[in-house]
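Here the structure is laid out as structure tokens; the discussion comes afterwards.
The values are calculated or read from the model by the stated rules, or taken from the named source; none is laboratory data. Since this is a predicted model, take the numbers as computed values, not measurements. Methodologically, a virtual Cβ is constructed for each residue, glycine included, from the backbone with ideal geometry; neighbour enumeration extends over all protein chains shown.
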Amino acid sequence: MRILLDTHILLWAGLKMARVPGVAATMIDDIQNEVVFSSASIWEIAIKRRMDRNSPIVDARAFRQGLLANGYQELPIDGLHSAQVQDLPSLHKDPFDRILVAQALVEGLLLLTSDRMVARYPGPIQKV
């Protein structure tokens with residue numbers, strides 16, 4: 001199975017934090033699964049680091065390299081992903097979350113999220 005991690009779960013998994021929910025950790029560790037991260041998550045991390053918000057202070061470049069070195073696959077944003085956003089219901093205003101949902105729909109990925117609002121979108125989404 002191909003799974004796409006939302007930014008929170010990606011950070012927790014990439015930084016080896018105990019906050020990764022059990023079911024997500026099991027899915028990430030399963031060698032049968034392909035773990036995917038979106039370039040949108042790296043963009044979000046870079047922006048939040050620059051804004052110095054209440055988020056883990058991690059260098060986006062180094063974090064991305066670490067993910068790739070550990071076998072995570074990167075999913076770039078393309079025009080089809082961007083266009084898919086127009087069909088999403090207005091459940092959530094966060095553009096980063098919306099593009100992750102769109103990517104999951106277009107690519108047939110299971111999106112793992114810790115966000116209850118994101119989990120309300122139709123499609124291959126699992127709240128963990």
Quick one: which of I57, I45 is at pLDDT below 95, crowded, with 21+ Cβ neighbours inside 10 Å and touching a Lys or Arg at 6+ places or on another chain (Cβ under 9 Å)? I45
Inside the stretch 75-117, the number of residues satisfying the requirement of being in contact (Cβ under 8 Å) with a residue 24 or more places away in the chain, of a type outside the set (V, I, T) and either crowded, with 20+ Cβ neighbours inside 10 Å or part of a helix (DSSP H, G or I) (or both) is 12
Can you tell me which condition I31 does not meet? The list is (1) without any contact (Cβ under 8 Å) to a residue 12 or more places away in the chain; (2) under 15 Å from L111 (Cα atoms), and all the others hold. (2)
Output the number of residues of the stretch 72-94 satisfying the condition of being at pLDDT below 95 and touching an Asp or Glu at 6+ places or on another chain (Cβ under 9 Å). 2
